[in-house]
Amino acid sequence: RVRLPYYYGNEDLKTITANPAGTNSERFVVVGVQLGLLAYNRDESPPDDDITGGLAENTTALEKIGLYDRRIVSVINRIIRLKTVDELEGEFIHEIEDEIRDKLNKDIFERLFRVDDENKIEVIVAEVDISNLIIQ
């Protein structure tokens, strides 16, 4: 892909707090997350099916996602809570971003934007960007 995804974020995604695994709730982590979304019109053929550039104006799709913001936070929080402090530092962060992306697609986006006779728009999470990470 040459085009950047549409970056989706809201206030709920800016400060997700969790207790990492193995810390007896004595430590906590705060992450800020952006979702890099790709959108496709499955009524069209590639490359004309890529409608990511117009996603910012697609209020229907964005409102649909917005209804599940708390669920998105819940999925991210659950994954973060299962990680140890060592796993949350440095070299493993890309693996965690990939895990979050896959889980969000499977649990939310594949169901929310299921392509069928009525819905031809598909939106997927292509990237998860942990923009800030605080471990205390």
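The values are calculated or read from the model by the stated rules, or taken from the named source; none is laboratory data. Values in this document were obtained by computation on a predicted structure and should not be read as measured data. Ideal geometry is used to build each Cβ from the backbone, glycine not excepted, and the neighbour counts take in all protein chains shown. Heads up: the accessible areas ignore ligands, DNA and RNA and are worked out on the full protein's heavy atoms, side chains in. Shrake-Rupley method; radii C 1.70, N 1.55, O 1.52, S 1.80 Å.
Data table
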{"quantity": "Area accessible to solvent at Arg101, 1.4 Å probe radius, in Å²", "calculated": "60 Å²"}
{"quantity": "Cα-centre dipole for region 53-136 with unit charges at Cβ (Lys and Arg positive, Asp and Glu negative), debye to 20", "calculated": "440 debye"}
{"quantity": "Within the chain, helix-based [θ] at 222 nm, where runs of 4 or more DSSP H residues each add -39,500 (n - 2.57), nearest 500", "calculated": "-8000 deg cm²/dmol"}
{"quantity": "Heavy-atom surface of region 45-130, accessible at 1.4 Å and reported per residue (Å²)", "calculated": "58 Å²"}
{"quantity": "Per DSSP, loop chymotrypsin sites (Phe, Trp or Tyr not before Pro) in region 1-59 with at most 16 further Cβ within 10 Å", "calculated": "Phe28"}
{"quantity": "Förster radius 22 Å - calculated FRET efficiency between Lys106 and Phe28, Cβ distance, rounded to 0.05", "calculated": "0.25"}
{"quantity": "Gain on full stretching of the segment that runs from Arg71 to Asp50 - 0.36 nm per residue minus C-alpha separation", "calculated": "4.9 nm"}
{"quantity": "Under 14 Å from the Cα of Lys120 - aspartates and glutamates, other chains or at least 8 residues apart", "calculated": "Asp43, Glu44, Asp48, Asp49, Asp50, Glu110"}
{"quantity": "Largest to smallest accessible area among Glu63, Glu44, Glu99 [probe 1.4 Å]", "calculated": "Glu63, Glu44, Glu99"}
{"quantity": "Hits among aspartates and glutamates - C-alpha to C-alpha of Lys103 under 13 Å, sequence gap 8 or more where chains match", "calculated": "Glu95, Glu127"}
{"quantity": "Packing-based ranking, highest mean first, of 51-61, 122-132 given that Cβ atoms within 10 Å are counted", "calculated": "122-132, 51-61"}
{"quantity": "Entry for volume of the Cα convex hull per residue in Å³ (calculated from the structure that is shown) out of (i) 96; (ii) 104; (iii) 177", "calculated": "(ii)"}
{"quantity": "Percentage of interatomic Cα-Cα distances in region 67-136 larger than 16 Å", "calculated": "52 percent"}
{"quantity": "Charged-residue dipole, Cβ positions (Lys, Arg, Asp, Glu), region 1-88 about Cα centre, Debye nearest 20", "calculated": "440 debye"}
{"quantity": "Leading residue at positive end of dipole, the chain (Cβ point charges), from Leu35, Thr52, Asn77", "calculated": "Asn77"}
{"quantity": "Sequence-distant residues sharing a close amide H with Lys83 (under 5 Å, placed H)", "calculated": "Ala21"}
{"quantity": "Portion, in percent, of the accessible area of the chain that falls on carbon or sulfur, probe 1.4 Å", "calculated": "45 percent"}
